[in-house]
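Here the structure comes first, spelled out in C-alpha cells, and everything after it is commentary.
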Amino acid sequence: MKPIFEKPHEGQWIGNDIISLNFSVPSNPIIGFIEGDGVGPDLWSASMPVFDAVVEKAYSGDRKIYWSKIYAGEESFRLFGSYFPEESFDLIRQCGIAIKGPLTTPVGGGFRSLNVTLRRKLDLYACLRPVRHVTGTPSPMIRPQDVDMVVFRENTEDVYAGIEWKSGSDQARKMINFLETEMDVRLPIDAGIGVKPMSPLATKRLVRMAIKFALDNGRNRVTLVHKGNIMKYTEGAFRDWGYEVAREEFGDVTLFENELERNHQVHIPQGKILVNDRIADAMFQQALLRPKEYSVLAMPNLNGDYMSDALAAQVGGLGMAPGANIGDRCAVFEATHGSAPKYAGLDKVNPGSMLLSGAMMLRLMGWNEAADLIEQGLSSTIQSGVVTYDLARQLPGSTEVSCSGFAKAIVGWIKKG
Ligand code: NAD
C-alpha cells in the first residue's frame, strides 16, 4: 500500500528552492513534519502547539503554518512496508521545509541509517548545529555562556558515505587483494573495509555556506577543523579546498592568521572574517579552554558529528541542541538527539531540542519574532524552575514536569507575555 498524503485545505507550498534568491515564504506555508520513532511522537505533540502559539502571538493571525504529516520510520514501515517511501521524499521537496523527530537505526546489520539516507537523497549537504547556552540551563561548564558556535558539518561524504564491506566477505577480500597487488598495501585478509571519500565539490559548497553564513550573521571567524596531519588527501585536502574558497570567492572580506601575525594585529578589522584552521583533537581542547575564540566551524562529516555533540554537552546536553540539514533546494530541521527508545511513550523527555530546531526553522523563514518567542519562553520556563527530568536532576529545588507539561508551561508564558 502506498501512503496517501492529503494536502492541507489551506496553505501554500514553498517548493524546492530554499537557498536561491527567489526563496520567499508565503504567510500561510505548508510545512512538513515527521514525528519520528521512540520519543518522537511525544516530542511532536508537545512542540506543535508551541510553534502554533508563537506564530499566533507574533503575527496575530496574519501568518499561520499548515502542517503536513510525512511518513517515515517505524510507523511508515508498519503502515506501508517501507521505512522511507519515495512519496515522503517527494513531499519534503514540495514543502521545501520540514521538521523531524529522531528516527531509529539499529547498530550493526539491518538497514542504513534513515537520517543518512534522507541527507543523501535530498542532497542536504550541510548539517547545521548552532550551540549557544540558553540562560538557566544547567551545564558542566563554569561559563557556558562563552560558548557561541555554529558547526557546519559536511553531510554527504567521508566514512558516512556508507562504502564498506564486512570482514570475511567476498567484496572485502577482493578489495584487500586489489590493494595488495595494485597498490602494494598489505592488510589482514579478514579485515573489514571502509572507504573515506572527500571531494572538492562537497567540501567547497560546505565551506562556501559557512562563510556566507558568517557574513550574513555578523560573525567574524570561520575555522576549518580537520585531521589533515594524518589523513592528508582527505582531511588535509578539506583544509586546502576550504582556504581556496575563502581566497578565491571571498578574497575581499577574508583574512588569514599569518596576515594578522605579520601585521602584529590582535583584533580582526571591522568587516573582515578571519579564516583559520585547527586540527580536530586540538579543537576539542580549544572548545573547552578558549571557546570565545571560535564562532563558525566548518568540518568534515565524522569529526563534525563528534564535535557537535561535545559542544552540545557544554551548554547542557543533547536535550537542548537544535539542528538542521540544509541543501540548495530544501531544509529539514531536526531534534539532534536519538529516539531514546527506553522513554518512548512515557511523555518524559525534554522537547528543548525540537523547540530550538523549530526556532531555527522560523529564522530561516525570516519569522524572527516567532523564533525569539520560542527562545525566550524556553529560557523563562527553565529559569522559573519548571523542567523535564534531565534538567531537574541537575537543578536542585526545581519542579520536574512531563514533556507535554514543559511545553504547556512555555505556551502559558507565551500567551501571558
Ligand atoms: P539517544 O539520543 O536516543 O538517547 C541517549 C540518551 O540520551 C537517552 O537514553 C536519554 O537518557 C538521553 N536523551 C536523548 N534525548 C533526550 C531528550 N530529548 N531529553 C532528555 N534526555 C534525552 O541515543 P541512542 O540511544 O544512542 O540512540 C537511539 C536511536 O536513535 C538509535 O537507533 C540511533 O540510531 C537513533 N538516532 C537518531 C538520530 C536522528 O534521528 N537524528 C540521532 C541520533 C541517534
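The values are calculated or read from the model by the stated rules, or taken from the named source; none is laboratory data. Because the structure is a prediction, the values reported are computed rather than measured. Cβ placement follows ideal geometry from the backbone for every residue including glycine, while neighbour counts extend to all protein chains displayed. When the accessible area is computed, the model is the full protein with side chains, heavy atoms only, and any ligands, DNA or RNA have been set aside. Shrake-Rupley method; radii C 1.70, N 1.55, O 1.52, S 1.80 Å.
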(request) Give the relative contact order (percent, whole number) for the stretch 90-242; include only Cα pairs under 8 Å separated by 6+ residues. (result) 17
(request) Please identify the helices of the chain, taking whole runs of DSSP H, that span at least 24 Å along their own axis as judged from the Cα atoms and have a mean Kyte-Doolittle score of -1.0 or higher. (result) 40-59
(message) Order His337, His267 by their accessible area, 1.4 angstrom probe, all chains in place, largest first.
(response) His267, His337
(request) Sketch the reach of a paramagnetic label on Asn28 as a point 7 Å from Cα along Cα-to-Cβ, and name the residues of the stretch 58-74 whose backbone nitrogen lies under 19 Å away. (result) 58-69
(message) Can you list residues from other chains, or at least 5 along the same chain, whose modelled amide H is less than 5 Å from the amide H of Val386?
(response) Thr399
(message) Could you work out the percent of alpha carbon pairs in the stretch 22-66 separated by over 15 Å, rounded to a whole number?
(response) 53
(request) Quote the relative contact order of the chain in percent (integer), defining contacts as alpha-carbon pairs under 8 Å separated by 6+ residues. (result) 23
(message) Need one number for the chain: average projected area of the convex hull over its C-alpha atoms, nm².
(response) 23.1
(message) Stokes-Einstein diffusion coefficient for the stretch 306-346 at 37 °C in a medium of 0.692 mPa s, Rh from the Kirkwood formula over Cα pairs: what value in µm²/s?
(response) 280
(message) So, R0 is 30 Å and r is the distance between the beta-carbons of Gln171 and Ser199; what FRET efficiency does that work out to, to 0.05?
(response) 0.85
(request) Quick one: grab the alpha carbon gyration tensor of the stretch 337-417, order the square roots of its eigenvalues as a ≥ b ≥ c, and give me rounded if a/c is under 1.5, else prolate or oblate depending on whether a/b is larger than b/c. (result) oblate
(request) Whenever you get a sec, line up Asp42, Asp148 from highest to lowest accessible area (probe 1.4 Å, protein heavy atoms). (result) Asp148, Asp42
(request) Please give the length that would be gained between Arg143 and Gln265 if that part of the chain were fully extended, namely 0.36 nm times their separation in residues minus their C-alpha to C-alpha distance (nm, one decimal). (result) 41.2 nm
(request) For the chain, with all protein chains present and a 1.4 Å probe, just round the carbon and sulfur fraction of the accessible area to a whole percent. (result) 52
(request) Would you kindly state how much longer the chain becomes between Ala313 and Asp216 on full extension, computed as 0.36 nm times their sequence separation minus their alpha carbon distance, in nm to one decimal? (result) 32.2 nm
(request) Only Cα pairs under 8 Å and at least 6 apart count here; give the relative contact order of the stretch 171-294 as a rounded whole percent. (result) 25
(message) For the stretch 119-269, what are Rg and Dmax over the alpha carbons, in angstrom?
(response) 20.1, 60
(message) Cross-link candidates for Lys232: which lysines have Cα within less than 16 Å, leaving aside residues fewer than 8 places away along the same chain?
(response) Lys196
(request) With 26 Å as the limit, write out which pairs from Lys64/Lys415; Lys212/Lys415; Lys212/Lys292; Lys64/Lys416 have Cα-Cα distances beyond it, or answer none. (result) Lys212/Lys415
(message) Using the Kirkwood formula on the Cα atoms of the stretch 266-417, what hydrodynamic radius do you get, in angstrom to one decimal?
(response) 17.5
(request) May I ask you to compute the full-extension gain from Arg78 to Val116, defined as 0.36 nm times their residue separation minus their alpha-carbon distance, rounded to one decimal in nm? (result) 11.6 nm
(message) What distance in nm separates the two pseudo spin-label positions at Asp62 and Leu346, each 7 Å out from Cα along the beta-carbon direction?
(response) 4.5
(request) Calculate the spin-label point distance for Asp252 paired with Asp190, positioning each point 7 Å from the Cα along the beta-carbon direction, and give it in nanometres. (result) 6.2
